[in-house]
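Trainee: Dropping the structure in here first, questions after.
The values are calculated or read from the model by the stated rules, or taken from the named source; none is laboratory data. Just so it is clear, the model here is predicted, and its values are computed rather than measured. Please note: Cβ atoms are built from the backbone with ideal geometry, for glycine as well, and neighbour counts cover all protein chains shown. Each accessible area value is taken on the protein alone, full model and side chains, heavy atoms only, with ligands, DNA and RNA left out. Shrake-Rupley method; radii C 1.70, N 1.55, O 1.52, S 1.80 Å.
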Amino acid sequence: MRGATHARWIAGAAAVALAATACGGGGDDDGDGGSGTGDTGAVLSSSWGDPQNPLEPANTNEVQGGKVLSMIFRGLKQYDPKTGEAEDMLAEDIETSDSQNFTITVKDGWTFSNGEKVTAKSFVDAWNYGASLENNQKNAYFFEYIQGYDKTHPDDGGKQTADTLSGLKVTGDNTFTVKLTQKFSTFPDTLGYNAYAPLPQSFFTDHDAWVAKPVGNGPYEVDSYTKGSQLSLRKWDDYPGEDKAQNGGVDLKVYTDNNTAYTDLMAGNLDLVDDVPAAQLKNVEADLGDRYINTPAGIIQTLSFPFYDEEWGKDGMEKVREGLSRAIDRDQITDTIFQKTRTPATDWTSPVLGEEGGYKEGLCGDACEYDAAAAKKLVEEGGGLPGGQVKITYNADTGSHKQWVDAVCNSINNALDNDKACVGNPVGTFADFRNQITDRKMSGPFRAGWQMDYPLIQNFLQPLYYTNASSNDGKWSNAQFDKLVDEANAESDTAKAVSTFQQAEEVVRDNMAAIPLWYQNGSAGYSERLSDVSLNPFSVPVYDQIKVS
Amino acid sequence: MGRYVVRRLLQMIPVFVGATLLIFLMVNVMGDPIAGLCGDRECDPATAAQLRHEFGLDKPVWQQYLTYMGNVFTGDFGTAFNGQEVTELMASAFPVTIRLTIVAILFEIVIGITLGVVTGLRRGRPVDTGALVVTLVVISVPTFVTGLLLQLLLGVEWGWIRPSVSSEAPFDELIVPGLVLASVSLAYVTRLTRTSIAENTRADYVRTAVAKGLPRHRVIRKHLLRNSLIPVVTFIGTDIGALMGGAIVTERIFNIHGVGYQLYQGILRQNTQTVVGFVTVLVLVFLAANLIVDLLYAVLDPRIRYA
């Protein structure tokens, strides 16, 4: 406790010193009281991790790179940081009559920070680039519903026969049309994802220079980028959008270890950490008080099963899977291991969708309630555990998965009254773990996590459980589920589409295609200099709204 | 002397080839790195195949190794998965780690040897016993404990230093991390020097020097210390390589973006090019340090001659 107060004092002193010096830079320090006012010229520092891939919109698939893209880019849609709802940003209008052909009008008056105008061509060129196999873009599959994708990105690895998507046509300076291969009513709502961002011509003409210092159309522009150590973003003064940055900029600093970032926050050298280390969760409230944020994010963790395995794929095993689900004491594990930074899951989506978006509390029902007796009975009825034991496979290199896997196993062992019912099976690296999944080498349940790409119920179901979908790691396949998903996608009435998706989710439940464990929260801590800090549904800080005093 | 150096340099070749081949095989045994590149989902097969082709991972390992070695001789260490040249990563990481190593070595030389001489000359006195106890403690406490403790006390509690090192990593910010990195070796250097000095104080040439009436500081520096330093120099020399490669823990604690950090990232992401490239350079550093140590022997003790 003493340490905490001391650290606060240092942070306070640093804040005063910084505030005193930072006011010179074009800020309006009118200072009319309260925490609501900020110095719009002041720069804040935030922790960051080295992005795994080059910073290109269609090539960035992890949080650290995505964080930057969401600061320097604005797409056709933007997800509301509070509700997660997709709202028009650069889109003036997205029209469709059949949920398959869309006419998109881009708002006039938007430019990239280098002065170039954002037009329909900026989008079409960017999407064509992302879908083209020769560009190796890891998010290429985001364009798979657009007609012509199979020509620009042949799945069998053959030579591509087209460089552009035949389903995209520029019809005017600010209009273009999109033709999809199937009905996809919620397609417009996916367009807030970074992969769909527009790109300036300099991206195509001098790609190396662009990657070294990306140019976008968002509220911030890149001031300097030293790979592996720091990315400095500064407010773009001529930004035409409504959501102008409320601060002068953000310095993203690469930390090798989130514990060090936390220590730096305590010592007053850093303003914001967006990942409070597990080891500090016990002290964080005492250290930071109300400057600690712990809010739900669109992330769910589950246990998947290898349905390609004879034992696990056979009929009747759904009882065993349900039995295992009932043997897991989610409340106790989220309390003790995760210090309430996880919420026990009661469906297969996430609370950030909201009820209208498709989240349905308690959809899982009894199957997600801890009941040792019922668990034992269900497992016995289902023919017992294959081989008498389940091994939960996980990667041991990141994310401290060992702790919770051991706890889950412990819970299962207690419920089933069998010391050897469940053991953890660590795999050294994430890459090797993914390898074993891709090679279908899993022999029992394995850790699965899903971070949503966009806040839609479709994103929590289709990529994970649809036959042969991109993230259907367990290779689960169910005709009724597929049919319901197709129906939902073809449905133009959003409320109806959502309820059809929920019916599909019930199929997942009845078969226990995956055991839902818990929803993950985003956590962050910040210094006394900052106010109006919040996390969006993707657990990324809403940087442009942060005020620095 | 010249022939000796040439022979030593020739000996380096098999060591170099063997070490890189071993690392190459070890990283390759870990499986397909592309699988981890697409996050919690499978890369689509076409893109995965394309990436594999681009990084040359679709060829047999021996062919990958030959191509790699061929490129290394032209100074091309390949490309990391984030699109950066490995040489570029090296250019940013090695200067930082070299600075850190220099700080650590300076600590070893200045504090370690001084303390060793003082205790060696005062065997059995309180100073000696005290230093022995302190070094024992330092040796038995793991580096990460010392590191985190110093970081917490000096960085957070007292605010004397910044808990993390900035990306430029200038010398003054590296003092505490350097001390942490050096701590264990420092204790060994102290003990080695002490024993060596204690042994040599009774040597004939020291008695002669004293009998000649030479001033005490001259006896110690020119006669006693010079002869006692041979084992210490050997230790410090080999330690250079060990410090550079073994800085992973220290660099992680103090957020130093040096060799340890790059190696750690490379291993986590199973990035063959990064890991093999950095290890190759480390092997070279190790070999060079050993050579220099051997050459220093001749300087310290002219009786040791190389044919």
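Trainee: Among the residues of region A:380-393, count how many are surrounded by 20 or more Cβ atoms within 10 Å (Cβ to Cβ) and either of a type in the set (Lys, Arg) or within 28 Å of the chain's Cα centre (by Cα) (or both).
Mentor: Count: 2.
Trainee: Here are the criteria: (1) out of contact with any helix residue (DSSP H, G or I) (no Cβ under 8 Å at 6 or more places or on another chain); (2) surrounded by fewer than 16 Cβ atoms within 10 Å (Cβ to Cβ). Tell me which single one A:Asn425 does not satisfy.
Mentor: (2)
Trainee: Across region B:107-154, what is the total count of residues that are under 18 Å from B:Ser185 (Cβ atoms) and within 14 Å of chain A (Cβ to nearest Cβ)?
Mentor: Count: 4.
Trainee: Same structure again: Can you pull out every residue in region B:155-181 that is more than 10 Å from chain A (Cβ to nearest Cβ) and closer than 28 Å to A:Asp50 by Cα? Outline the logic, then answer.
Mentor: So in region B:155-181, the residues more than 10 Å from chain A (Cβ to nearest Cβ) come out as B:160, B:170-181.
Residues satisfying the conditions are B:Pro170, B:Phe171, B:Asp172, B:Glu173, B:Leu174, B:Ile175, B:Val176, B:Pro177, B:Gly178, B:Leu179, B:Val180, B:Leu181.
Trainee: Test B:Phe81 against the stated conditions and say whether it is more than 27 Å from B:Tyr188 (Cβ to Cβ) and aromatic (Phe, Trp, Tyr). Let's see the steps before the verdict.
Mentor: Working: more than 27 Å from B:Tyr188 (Cβ to Cβ): yes; aromatic (Phe, Trp, Tyr): yes.
Yes; evaluated as a whole, the condition is true for this residue.
Trainee: If you check A:Asn418 against the conditions, is it in a loop (DSSP other than H, G, I, E, B), open to solvent by 10 Å² or more (accessible area, probe 1.4 Å) and away from chain B (no Cβ under 13 Å)? Break it down into steps so the answer makes sense when it comes.
Mentor: Values: in a loop (DSSP other than H, G, I, E, B): yes; open to solvent by 10 Å² or more (accessible area, probe 1.4 Å): yes; away from chain B (no Cβ under 13 Å): yes.
Yes; evaluated as a whole, the condition is true for this residue.
Trainee: Need the failing condition index for B:Leu89 against (1) more than 13 Å from every other protein chain (Cβ to nearest Cβ); (2) surrounded by 14 or more Cβ atoms within 10 Å (Cβ to Cβ); (3) closer than 30 Å to B:Ser164 by Cβ, just the number.
Mentor: (1)
Trainee: Out of the residues in region B:140-154 meeting the condition of being more than 15 Å from B:Ala182 (Cβ to Cβ) and not β-branched (Val, Ile, Thr), tell me which one is surrounded by the most Cβ atoms within 10 Å (Cβ to Cβ).
Mentor: B:Gln151
Trainee: Being out of contact with any Asp or Glu (no Cβ under 9 Å at 6 or more places or on another chain) and either surrounded by fewer than 22 Cβ atoms within 10 Å (Cβ to Cβ) or of a type in the set (A, V, I, L, M) (or both) is the filter here; which residues of region A:534-546 pass it?
Mentor: A:Ser534 - this is the single residue of region A:534-546 that is out of contact with any Asp or Glu (no Cβ under 9 Å at 6 or more places or on another chain) and either surrounded by fewer than 22 Cβ atoms within 10 Å (Cβ to Cβ) or of a type in the set (A, V, I, L, M) (or both).
Trainee: If the requirement is being open to solvent by 20 Å² or more (accessible area, probe 1.4 Å) and over 30 Å from A:Glu95 (Cβ atoms), which of these qualifies: A:Ser527, A:Ser499, A:Ser549? Before the answer, list the steps.
Mentor: Details: A:Ser527 fails: open to solvent by 20 Å² or more (accessible area, probe 1.4 Å); A:Ser499 fails: over 30 Å from A:Glu95 (Cβ atoms).
Result: A:Ser549 is the single residue among A:Ser527, A:Ser499, A:Ser549 that is open to solvent by 20 Å² or more (accessible area, probe 1.4 Å) and over 30 Å from A:Glu95 (Cβ atoms).
Trainee: When A:Asp108 is evaluated against the numbered criteria (1) in contact with an Asp or Glu (Cβ under 9 Å, 6 or more places away or on another chain); (2) closer than 30 Å to A:Phe430 by Cβ, which criterion, by number, is the only one it fails?
Mentor: (2)
Trainee: If you check B:Arg123 against the conditions, is it in contact (Cβ under 8 Å) with a residue 60 or more places away in the chain and surrounded by fewer than 19 Cβ atoms within 10 Å (Cβ to Cβ)? Show your work before the answer.
Mentor: On the way: in contact (Cβ under 8 Å) with a residue 60 or more places away in the chain: yes; surrounded by fewer than 19 Cβ atoms within 10 Å (Cβ to Cβ): yes.
Yes.
Trainee: If you don't mind, there's one more thing I want to ask. Quick one: count up the residues across region A:170-182 that are in contact with a helix residue (DSSP H, G or I) (Cβ under 8 Å, 6 or more places away or on another chain), open to solvent by 30 Å² or more (accessible area, probe 1.4 Å) and either outside the structural domain of A:Thr103 (by the TED database) or not in a loop (DSSP other than H, G, I, E, B) (or both).
Mentor: Residues that pass the stated criteria total 2.
Trainee: Based on what the data block shows, is A:Tyr79 within 20 Å of the chain's Cα centre (by Cα) and more than 11 Å from chain B (Cβ to nearest Cβ)? Show your work before the answer.
Mentor: Values: within 20 Å of the chain's Cα centre (by Cα): yes; more than 11 Å from chain B (Cβ to nearest Cβ): yes.
Answer is yes for this residue.
Trainee: Here is a further query. Between A:Ser185, A:Ser166, which is assigned to a loop (DSSP other than H, G, I, E, B), open to solvent by 20 Å² or more (accessible area, probe 1.4 Å), among the polar types (S, T, N, Q) and free of Cβ contacts under 8 Å to residues at least 40 places away in the same chain?
Mentor: Working: A:Ser185 fails: free of Cβ contacts under 8 Å to residues at least 40 places away in the same chain.
The conditions single out A:Ser166.
Trainee: Still on this model: Determine which member of the set B:Val17, B:Val27 is assigned to a helix (DSSP H, G or I) and farther than 22 Å from A:Asn435 by Cβ.
Mentor: Numbers: B:Val27 fails: farther than 22 Å from A:Asn435 by Cβ.
Matching residue, one of B:Val17, B:Val27: B:Val17.
Trainee: Okay, moving on. Assuming A:Tyr129 fulfils every condition listed in (1) within 14 Å of another protein chain (Cβ to nearest Cβ); (2) open to solvent by 60 Å² or more (accessible area, probe 1.4 Å) apart from one, which condition is it?
Mentor: Result: A:Tyr129 fails condition (2) only.
Trainee: In this structure, is A:Thr334 farther than 29 Å from A:Ala488 by Cβ and not small (Gly, Ala, Ser)?
Mentor: Details: farther than 29 Å from A:Ala488 by Cβ: yes; not small (Gly, Ala, Ser): yes.
In short, yes.
Trainee: State all residues of region A:249-301 that are part of a strand (DSSP E or B) and open to solvent by less than 10 Å² (accessible area, probe 1.4 Å); if no residue qualifies, say none. Write out each step before concluding.
Mentor: First, pick out the residues of region A:249-301 that are part of a strand (DSSP E or B): A:249-254, A:272-273, A:292-301.
A:Gly249, A:Val250, A:Leu252, A:Val254, A:Leu272, A:Val273, A:Ala297, A:Gly298, A:Ile300 - these are the residues of region A:249-301 that are part of a strand (DSSP E or B) and open to solvent by less than 10 Å² (accessible area, probe 1.4 Å).
Trainee: For B:Lys212, which of the numbered conditions (1) open to solvent by 10 Å² or more (accessible area, probe 1.4 Å); (2) within 20 Å of B:Val118 (Cα to Cα) fails to hold?
Mentor: (2)
Trainee: When residues of region A:136-159 are filtered for being more than 9 Å from chain B (Cβ to nearest Cβ), under 27 Å from the mean Cα position of the chain (by Cα) and open to solvent by 30 Å² or more (accessible area, probe 1.4 Å), how many remain?
Mentor: 3
Trainee: Which pairs do you get when a residue that is within 10 Å of chain B (Cβ to nearest Cβ), found in region A:422-434, comes within reach of a residue that is of a type in the set (Val, Ile, Thr), reach meaning Cβ atoms under 9 angstrom, with the pair 6+ apart or on two chains?
Mentor: Taking only residues 6 or more apart or on different chains, the pairs are A:Val427/A:Thr393; A:Thr429/A:Thr398; A:Thr429/B:Ile267; A:Phe430/A:Thr398; A:Ala431/B:Ile34; A:Phe433/A:Thr393; A:Phe433/A:Val427; A:Arg434/B:Ile34.
Trainee: Can you tell which of A:Tyr239, A:Tyr220 is more than 25 Å from the chain's Cα centre (by Cα), open to solvent by less than 10 Å² (accessible area, probe 1.4 Å) and more than 11 Å from chain B (Cβ to nearest Cβ)?
Mentor: On the way: A:Tyr220 fails: more than 25 Å from the chain's Cα centre (by Cα).
Result of the check over A:Tyr239, A:Tyr220: A:Tyr239.
Trainee: Mind counting the residues in region A:188-214 that are open to solvent by 10 Å² or more (accessible area, probe 1.4 Å) and in contact with a helix residue (DSSP H, G or I) (Cβ under 6 Å, 6 or more places away or on another chain)? First the steps, then the outcome.
Mentor: Within region A:188-214, the first condition is being open to solvent by 10 Å² or more (accessible area, probe 1.4 Å), and the residues that meet it are A:188-189, A:192-194, A:201-202, A:204-209, A:211-213.
With the extra rule that they be in contact with a helix residue (DSSP H, G or I) (Cβ under 6 Å, 6 or more places away or on another chain), the set shrinks to A:194, A:202.
Residues that pass the stated criteria total 2.
Trainee: Which ones in region A:477-496 are open to solvent by 10 Å² or more (accessible area, probe 1.4 Å), assigned to a helix (DSSP H, G or I) and over 18 Å from A:Gly357 (Cα atoms)?
Mentor: A:Ala479, A:Gln480, A:Asp482, A:Lys483
Trainee: Please find, among B:Gly147, B:Gly155, the residue that is within 20 Å of the chain's Cα centre (by Cα), assigned by the TED database to the domain that holds B:Leu224 and among the small types (Gly, Ala, Ser). Working first, answer last.
Mentor: On the way: B:Gly155 fails: within 20 Å of the chain's Cα centre (by Cα).
Just a single option satisfies the conditions, and that option is B:Gly147.
Trainee: Looking for something surrounded by fewer than 23 Cβ atoms within 10 Å (Cβ to Cβ) and assigned to a helix (DSSP H, G or I) - is there at least one such residue anywhere in region A:438-453?
Mentor: Yes.
Trainee: Now for a separate question. State whether the residues of region A:67-89 include one that is under 19 Å from A:Tyr220 (Cα atoms), of a type in the set (S, T, N, Q) and in the same structural domain as A:Asp125 (by the TED database).
Mentor: yes
Trainee: Additional query: Give the number of residues within region A:454-476 that are more than 9 Å from chain B (Cβ to nearest Cβ), open to solvent by 10 Å² or more (accessible area, probe 1.4 Å) and assigned to a loop (DSSP other than H, G, I, E, B).
Mentor: 9
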